[in-house]
1. Ignoring the sites themselves, what is the longest stretch of chain A with no chymotrypsin sites (Phe, Trp or Tyr not before Pro) in a DSSP loop and at most 16 other beta-carbon atoms within 10 Å?
2. Using label points projected 7 Å from each Cα along Cα→Cβ, tell me how many nm separate B:LYS72 and A:LEU166, to one decimal.
3. Enter the angle in degrees (range 0 to 90, nearest 10) between the Cα long axis of helix B:249-277 and the first principal axis of the Cα atoms of chain B, meaning the one along which they spread out most.
4. At each listed q (0.21, 0.29, 0.32 Å⁻¹), what is the log10 of I(q)/I(0) that the Debye formula gives for the range B:4-51 modelled as equal alpha-carbon point scatterers?
5. Per the helix-only calculation at 222 nm, which mean residue ellipticity applies to chain A, given -39500 (n - 2.57) for every DSSP H run of n ≥ 4 and division by its residues, nearest 500 deg cm²/dmol?
6. Taking a probe of 1.4 Å and counting only protein heavy atoms, give the total accessible area buried between chains B and A in Å², rounded to the nearest 100.
7. What is the Rg over Rh value, at two decimals, for chain B, using alpha-carbon atoms and the Kirkwood definition of Rh?
8. Take the alpha-carbon positions of the protein assembly as shown, form their convex hull, and give its projected area averaged over all directions (one quarter of the hull surface) in nm².
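The values are calculated or read from the model by the stated rules, or taken from the named source; none is laboratory data. None of the values given here were measured: they were computed from a predicted structure. A quick note on method: Cβ atoms are made from the backbone with ideal geometry, for glycine too, and the neighbour counts reach across all protein chains shown. These area figures cover heavy atoms from the full protein model, side chains too; ligands, DNA and RNA do not enter into them. Shrake-Rupley method; radii C 1.70, N 1.55, O 1.52, S 1.80 Å.
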Amino acid sequence: MQTKIFDRILFVILLAVAAIFIFPVLIVLINSFKQKFSISSDPFSLPTENTFVGLSNYTQGIDNTGFPTAFGWSLFITVFSVAAIIIFTSMTAWYITRVKSRFNTILYYALVFSMIVPFQMVMFTMSKTANVLGLDNPLGIILIYLGFGAGLSVFMFSGFIKTVPLGIEEAATIDGCNTLQVFWKVVFPILTPTAITVAILNTMWIWNDYLLPYLVIGNDYKTIPIAIQYLKGGYGSVDMGAMMAMLVLSIIPVVVFYLSSQKYIIKGVAAGAVKG
Amino acid sequence: MNNPAKRYFPIFVMPTLIAFLIAFAVPFALGLFLSFTEFRTVSDAEFVGLQNYIRAFTDDTDFLSSLWFTVKFAVMSVISINVFAFLLALMLTRTVPGTKFFRTVFFMPNLIGGIVLGYIWQVIINGVLYRFGYSITSNSVFGYWGLIVLMNWQMIGYMMIIYIAGIQNIPTDIMEAARVDGAGSLTTLFRITIPSVMPSITICLFLTITNSFKLFDQNLALTAGAPGKRTQMVALDIYNTFYSRTGYEGVGQAKAVVFFLIVAVIALAQLRFTRSKEVES
């Protein structure tokens, strides 16, 4: 009986905390329909007859930022970078786990090492290198993301591959599969849960990444975070109405992605942490 | 030992290796080298020994004060995030209705990017401060607590998920035994639950410490370091040294090396310390 009352109190506490978590997003949503000068001074009131502006903040914001184009670039870069990371790092992880050599061991530790290095350490030299090699475009940046994502991804894949029994692969070889077939037909299907985790962690990172794309391709191609930051401009006042509308537009795809694959995201994050 | 897979090195390893060399390994080595030189464009680098490292600390106090601000921020946010996340995880592993809904809501902010998060909280904090005639950039105290609130909002859900997984992994018979032995809920918490979730604590501390130290986007969007440079964290200070001051590229790179060493030492020390507290299960 006592625990029942206790759980009821907990439920009320949790509801209050949930309200605190939703509140900021709700405020941004409400203000995206308000006249831009009545946002900074009073963001906590609902739009009134005088301050309601319909969708004009949205049209203004889209005009200022080119949001649809930014969305397109974000989507393009995220999808293809994550695909490249999954395909190539899973193969690399399998190879360096199965083929023992000094080179492979060194490569593995170099990849793991790269995980703890702050981006600022390589920020300047990496963007210079990308520039010199002509990688400063939406295709080239995919290669950069493959290089940066390789550490965590190879680490997670090889952690799992170590638990896959060799026998299955040997049987496939005896049945006449070559190494590529062994990997894609036998090993990769077993790796799928890890691949989903790796894909989710990398999607969360690349979709929201600001500084790397800003430095490498930011002048010519704006992803969503770059477009948002661009709204602030160099000097003076920000169009708060347009800002609120663009914040809403950039949250929508995230929420859609989250609600549609929530089960995998939460599992993936928990699994990713255990491996880490 | 003649592994047939060996011939497949070009297909299996080459693409990742080339990308890793271009994106990380070469820039890392080059960065290390350039920190001992004076340069504008890389090709004009001239060896200057430790001069950049000395200048990073002596030309002005920006670097030291950003380091100190980062440490103060990291300590407060690491403690608050982990305490709140652990408490929520304890609540959500009980028989409370709607646990799935709560988990969904608490984790959601983690998927929103740092730049967007920064502007969301700027509006809210400025909205509150406006009533008292202030804004977030009028005093560094506002920026400090603003960043901590933001970081908590973003990371509590993530850490909570990890703690929930840890708590659910505790074998029920241990809990049962403790209850039969008459252990109170506080004793159970400190003697069983916390020691059993030590691996989760290790990873949560690691993630919160490294993320707090490396924070950039949120800092840029929320205050951009204002007022003055008093809410500027290390990552932002390094960025500004590189890109807003000519003639300071070498100093910026030296600061980056120091930053890297600090993050590496703290992360490894923390992993070693908490790993040693983990119990075999």
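1. The segment A:45-234 is the longest one with no such site.
2. Here the answer is 5.8 nm between the modelled labels.
3. 20
4. Ignoring solvent entirely, the Cα scatterers give -0.73, -0.99, -1.06.
5. About -24500 deg cm²/dmol.
6. Interface area, both chains combined: 8000 Å², rounded to the nearest 100.
7. Here Rg/Rh amounts to 1.06.
8. With every direction weighted equally, the projected area is 29.4 nm².
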